[in-house]
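The values are calculated or read from the model by the stated rules, or taken from the named source; none is laboratory data. Remember, it's a predicted structure, so these values are computed and weren't measured experimentally. Neighbour counts run over all protein chains shown; Cβ positions are idealised from the backbone, glycine included. Only protein heavy atoms, including side chains, enter the accessible area calculation; ligands, DNA and RNA are left aside. Shrake-Rupley method; radii C 1.70, N 1.55, O 1.52, S 1.80 Å.
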Amino acid sequence: MPIAENGTTAGLRVVVLGGTGYLGRRIGAAFAADGAHVHLVSRSPAEDRPADPRFVLMDLLAVDPHELDRFFASVRPDVVVNAVGRAWRADEAEMTASNAELVARITESLTRLPRPPRLIQLGSVHEYGAGTPGTGTSEDHEPAPVTPYGRSKLLGTRAVLRAAADDGLDGVVLRLANVIGAGGPAGSIFGRVAVHLGQAARARSSGEKPDELRLPPLRAHRDIVDVHDVVDAVRAAAVAPGTDVGGRVVNIGRGEAVPIHTLIDRMIELSGVDLPVVEVAADPSPRTDVEWQQLDVSRASRLLGWQPRRTLDTSLRDLLTAALPPPVKGRTGR
């Protein structure tokens with residue numbers, strides 16, 4: 001892999017699968033800013049950048065394997081980042097197709113290349129299942145996912161690790177904590193709250209009474225990582241020695257568990273929109289989520305030289321700025 005002397009990704013040929021999604025487009029932009037030659041692969045172009053010359057239209061779930069082989073052979077990538085994934089508004093079969101079966105197809109195609117690239121697979125903290133309160137979960141912890149999303153992402157991780165062990169693929173899995181930042185998906189609880197606060201701010205400015213914020217019981221503690229820190233971790237993984245990261249899982253998070261209710265309260269405070277929060281009674285069916293998520297990120301520091309740099313307030317401000325109507329008044333906490 002032609003890594004620049006200064007350790008950047010300049011000059012690398014990089015393919016970002018899911019390149020117009022929330023994570024993919026930011027990862028692609030960062031590599032391009034470094035001077036890498038980037039190809040953004042997606043089944044649909046970004047709405048605000050439909051004419052991006054780096055964009056490659058391809059439905060990875062439907063494409064013929066031979067066509068996928070031809071694409072990789074023509075690009076001859078040094079790095080492939082798989083940012084494809086389904087987390088919301090999908091059933092388990094749809095999640096499995098995107099998060100597991102597609103990963104197996106990608107690994108098979110890459111191992112058929114004369115010189116396979118480094119594959120960076122974006123995994124999820126939800127692969128672990130329940131953490132132990134008060135401690136961080138390390139990569140050696142035996143995964144026991146309790147959600148369809150977590151189960152499907154774990155299958156994807158295992159496909160990469162299997163290809164690394166059996167076929168020599170230079171693959172690494174970055175197991176991400178809950179990612180937040182500007183433009184966060186509305187399906188996540190933080191994206192949902194940001195959208196509601198934006199609507200409430202517009203209602204207030206029109207002299208209307210905003211709707212109360214109705215949420216499920218906020219009992220959980222979550223490890224939260226900024227989207228920009230995730231991008232930095234991907235860039236670091238792209239140039240790390242293969243002997244260090246090949247065939248391994250690396251946790252990417254803040255390394256601390258924060259109460260969800262604290263984060264929601266802080267979002268409301270930062271927004272300057274005073275409105276009530278109502279916790280709706282829990283569904284009587286068995287709970288399919290966990291109450292504690294905290295990652296041990298010491299391996300990321302050791303192998304990637306990476307650590308989270310953005311504060312939670314910075315992440316929450318970015319998320320709110322993208323959702324609230326300008327100008328935003330009454331912000332606090334500076």
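Figures for the structure shown
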item: With every protein chain in place, the chain: carbon and sulfur % of accessible area (1.4 Å); result: 51 percent
item: Efficiency of FRET from Cβ geometry, D167 and E208, R₀ 56 Å, rounded to 0.05; result: 0.40
item: Rounded to 5, the percent of DSSP beta bridges in the chain classed as antiparallel; result: 5 percent
item: Ranked packing of 150-160, 204-214, 235-245, most packed first, by mean Cβ within 10 Å; result: 150-160, 235-245, 204-214
item: Rounded, prolate or oblate (a/c below 1.5 giving rounded, otherwise prolate when a/b exceeds b/c) for the stretch 214-317 by Cα gyration tensor; result: oblate
item: Cα centre as origin, Lys/Arg/Asp/Glu Cβ charges: the stretch 131-243 dipole, Debye; result: 580 debye
item: Cα-based shape type of the chain, given that a ≥ b ≥ c are square roots of the gyration tensor eigenvalues and the cut on a/c is 1.5; result: prolate
item: Charge dipole (the stretch 5-123, unit charges on Cβ, about Cα centre) - positive-most of H39, Q121, A100; result: H39
item: Protection-proxy order for peptides 65-74, 139-148, 296-305, each taking the mean of Cβ atoms within 10 Å per residue, highest first; result: 296-305, 139-148, 65-74
